[in-house]
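Below is one structure, written out as structure tokens, with a few remarks after it.
Read the figures in this text as sums done on the coordinates, not as results from a lab. Treat the numbers as computed from the prediction; the structure is a model and nothing was measured. Note that each Cβ is placed from the backbone with ideal geometry, even for glycine, and that neighbours are counted across all protein chains shown.
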Amino acid sequence: MGTIRLKNMSFYGYHGIDESEKFFGGKFEVDLEMIFNLEAAIKSDNLKDTISYVDVYKKIKQIVTGEKFNLIEALAGKILSELFNNFNIDKALIRVRKPGAPVQGVLDTIEVELFGKREDFE
């Protein structure tokens, strides 16, 4: 088993409860760890034996920028579901951050973290 990480992907999306978030949108950041068997890729040095991080990035971008969710929990769950359905991942950890969350206070970001296994999403 091994891990491929995509760290601090940044997208503009329209997720949130407030109408202003849905209308004006905001920045969202995503970290992803994909855990799966890398043995074939290590031996072959061939892209067909691994998961293309370019394709994974495109899938995440499509979801974050092309769909709307009230909650970042639902956004993170949708991303995991789509990744398990489209790529041969055994386990994954995702973090979705909302740096501009409308909070009456001082903080850097709001973050949701989900961990899932393939069987959780079948």
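Beyond 23 Å in Cα-Cα separation lie the following of the pairs 59/98; 68/98; 48/68; 59/117; 7/43: 48/68; 7/43.
The residues packed around residue 117, meaning those with a beta-carbon under 12 Å from its beta-carbon, carry a net charge of -2 if Lys and Arg are +1 and Asp and Glu are -1. When only Cα pairs below 8 angstrom with a gap of at least 6 residues are kept, the chain shows a relative contact order of 28 percent.
With the chain treated as a Gaussian network of Cα nodes joined by springs under 10 Å, which of 24, 69, 87 yields the largest mean-square fluctuation? So, out of 24, 69, 87, the one fluctuating most is 24. With R₀ fixed at 22 Å, the C-beta to C-beta distance from residue 101 to residue 7 puts the FRET efficiency at about 0.60.
Derived scalar couplings between HN and Hα for the range 19-27 equal 4, 5, 5, 6, 8, 8, x, x, 7 Hz in order, rounded to whole Hz, by the Karplus curve 6.51 cos²θ - 1.76 cosθ + 1.60 (θ = phi - 60°), x for Gly and Pro. Return the FRET efficiency for the residue pair residue 119, residue 33: r is the Cβ-Cβ distance, R0 is 22 Å, and the value is rounded to the nearest 0.05. Here the calculated transfer efficiency is 0.80. For the residues 29, 82, 39, a GNM of the chain with alpha-carbon springs under 10 Å puts the largest fluctuation on 39. Neighbours of residue 97 by Cβ distance under 10 Å: Lys/Arg scored +1, Asp/Glu scored -1, total -2.
Kindly express, to the nearest 10 degrees and within the range 0 to 90, the angle between helix 53-66's C-alpha long axis and the longest C-alpha principal axis of the chain. The angle comes out at about 20 degrees. Count the net charge of all other residues whose Cβ sits under 12 Å from the Cβ of residue 21, scoring Lys and Arg as +1 and Asp and Glu as -1. Cβ neighbours under 12 Å give a net charge of +2. The Kirkwood hydrodynamic radius of the chain, based on inverse pair distances between different Cα atoms, is 15.2 Å. Distances between placed amide hydrogens fall under 5 Å for residue 38 paired with 2, all partners being 5 or more residues away or on another chain.
Please give the helix 72-86 orientation as an angle from the longest Cα principal axis of the chain, in degrees from 0 to 90, rounded to the nearest 10. Once rounded, the angle reads 20 degrees. Determine which residues of the range 37-75 fall in the zone a paramagnetic label at residue 22 would reach in this model, i.e. backbone nitrogen under 15 Å from the point 7 Å along Cα→Cβ. 67-72, by backbone N distance to the label point.
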